[in-house]
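Below you'll find the structure, written out as C-alpha cells, and then a few comments.
The values are calculated or read from the model by the stated rules, or taken from the named source; none is laboratory data. Note that the coordinates shown come from a computational prediction; the quantities given were computed from them, not determined experimentally. Quick reminder, even Gly has a Cβ in these numbers, built from the backbone with ideal geometry, and neighbours come from all protein chains shown.
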Ligand code: DQA
C-alpha cells in the first residue's frame, strides 16, 4: 500500500514558519516519523506544493492509482472550492481521505473556522501537531481498499 501525504501552501517552511504555532520540526522530520511508523509493506509518499493545480493533480492521481490520502490543505482549506471538488472525487471513488491540521483552526482566527473540505473528507484530525498525521496514517490504512 502506498499512502499519499499531501501538504499545501507554506508547509514547506515548517520549522521556521511561526514555530510557536507549528513547532520547530520540518517537513523532512515529519517524513522520517511517518516512515518509522509505517508498517511493513506501506510506503509513505509525502509531497508539498504551494500550487493549487498541482495539489488537484495529485488528488486525481490518487484516484487513478487507488491511493488513500492524508491531506493538509493549509490555507486552501478555507476557500478552495476547486480543491473541495477534487477531494470529493477521491472519496466518491471509495478511497479514504483524512484532512489534517497541525494547529486547531477553530482556536484561531475566524476565517480559519470554515473548512470547505471537511464536508467531503472521510474524517478530520486537527490540533495535534505531527500526531495529527500519525493518527491519520493508522486510520487511513484501516480504511484503505484491499489491493491499494
Ligand atoms: C493549517 C491551518 C491553516 O489555517 C493554515 O493556513 C495552514 C496550516 C494547519 O496545519 O494547522 O497553513 O492547515
Mind telling me which of the residues 83, 71, 55, 59 ends up being modelled with pLDDT of 95 or more and farther than 12 Å from residue 120 by Cβ?
55
Within the stretch 63-76, is there a residue that is within 14 Å of the chain's Cα centre (by Cα), within 15 Å of the ligand (Cβ to nearest atom), free of Cβ contacts under 8 Å to residues at least 40 places away in the same chain and within 24 Å of residue 20 (Cβ to Cβ)?
no
Please go through the stretch 79-125 and pick out each residue that is surrounded by fewer than 20 Cβ atoms within 10 Å (Cβ to Cβ), over 23 Å from residue 63 (Cα atoms) and within 11 Å of the ligand (Cβ to nearest atom).
103, 104, 105, 106, 107, 108, 109, 111, 112, 113, 114
How many residues are touching a strand residue (DSSP E or B) at 6+ places or on another chain (Cβ under 8 Å), in contact (Cβ under 8 Å) with a residue 12 or more places away in the chain and not in a loop (DSSP other than H, G, I, E, B) when one looks only at the stretch 121-148?
11
Among 21, 56, the single one that is on the phi < 0 side of the Ramachandran plot, within 13 Å of the ligand (Cβ to nearest atom) and assigned to a helix (DSSP H, G or I) is 21
